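Rule-based calculations on the coordinates, nothing more; no lab input. As the structure is a computational prediction, the values presented were derived from the model and not from experiment. In this analysis, Cβ positions are derived from the backbone assuming ideal geometry, glycine residues included, and neighbour counts consider all displayed protein chains.
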Amino acid sequence: MSKQYVLDDMTLKESWRLFHIMAEFVEGFENLTEVHPAVTIFGSARCKKGDALYEKAYNLTKLLAVNGFNIITGGGPGVMEAANKGAKDGGAKSVGINIELPYEQRPNPYSNVRLSFRYFFIRKVMFLKYGMAYVVMPGGFGTLDEFFEAITLVQTKKMKPFPIILVDSSYWSGLLEWIKINLLSQQKISEEDMDIFKVMDDPKEIVDYIKKFVIL
């Protein structure tokens with residue numbers, strides 16, 4: 001096989017990849033234009049029905065739903081499933097933006113607006129574009145990734161400030177302490193950067209806080 005043939009084949013594959021990326025953007029834009037106002041919920045895919053975290057996510061999103069907010073999640077199990085269920089039971093649009101993974105991620109049955117993407121970065125665009133607020137519940141690497149991406153975009157003024165809420169102060173206290181000791185005290189971030197997000201526990205207070213920023 002010639003070197004030129006291999007290069008041509010790689011170029012063709014990359015061209016088709018671009019078309020696939022464009023198609024996923026178009027699908028997202030066409031299907032999510034009617035979900036305003038929506039709150040995006042993040043959290044662990046590994047908690048089970050009956051866990052305290054699952055019930056907390058369900059109760060919070062149902063309260064958001066009855067207050068006029070649609071709910072967007074990553075479409076998978078755990079917190080995402082609980083949030084989609086809460087949205088559906090609360091009479092709101094329950095959006096699941098699933099990601100194609102070889103393990104762990106599978107679409108939950110409670111979303112009534114369902115999309116599936118191959119690329120994480122396109123999925124992130126949809127979360128940011130259509131979520132008027134971010135509610136970040138206890139989770140792992142994926143949850144941290146979404147949280148830090150959001151606060152970085154606000155910090156660098158690539159996005160206007162919007163409600164970004166860490167739920168469960170006891171869970172996030174260690175991370176916040178690390179940020180204060182290793183980032184803030186060493187001037188890696190500014191004091192005002194700590195105001196980009198809030199840490200909250202009470203569901204009603206969370207809903208009331210989001211309502212201050214979002215026009216229903």
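Would you mind checking the pairs Lys49/Lys158; Lys13/Lys158; Lys124/Lys211; Lys85/Lys212; Lys93/Lys157; Lys48/Lys158 and listing those with alpha carbons more than 27 angstrom apart?
Lys49/Lys158; Lys13/Lys158; Lys93/Lys157; Lys48/Lys158
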- Query: Counting other C-beta atoms within 10 Å, which of Lys85, Lys212 has the fewest, and how do the rest follow?
  - Reply: Lys212, Lys85
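Arrange the following residues from fewest to most other Cβ atoms within 10 Å of their Cβ: Met137, Met159.
Sorted ascending by nearby Cβ count, the order is Met159, Met137.
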- Separation of alpha-carbon centers, region 59-100 and region 120-165, rounded to whole Å: 17 Å
- Query: Measuring from a point 7 Å past the Cα of Lys212 along Cα-to-C-beta, which residues in region 148-162 have an amide N at less than 15 Å?
  - Reply: 161-162
- One finds, for Gln186 and Ile21 with R0 = 35 angstrom and r their Cβ-Cβ distance, a FRET efficiency to the nearest 0.05 of 0.35
- Query: Given a cut-off of under 8 Å on Cα pairs at least six residues apart, what relative contact order in percent is computed for region 121-205?
  - Reply: 32 percent
- Query: Which value results for Rg/Rh of region 17-92 when Rg is the Cα radius of gyration and Rh the Kirkwood radius based on the inverse mean 1/r?
  - Reply: 1.07
- Hydrodynamic radius (Kirkwood) for region 90-216, which is based on Cα pairs only, to one decimal in Å: 16.3 Å
- Query: Using Cα atoms only, what is the angle between the long axis of helix 203-213 and the major principal axis of the chain, expressed in degrees (0 to 90) to the nearest 10?
  - Reply: 70 degrees
- Divide by every residue of the chain the summed helix terms, -39500 (n - 2.57) for each DSSP H run of at least 4, and state the resulting mean residue ellipticity at 222 nm, rounded to the nearest 500 deg cm²/dmol. -15500 deg cm²/dmol
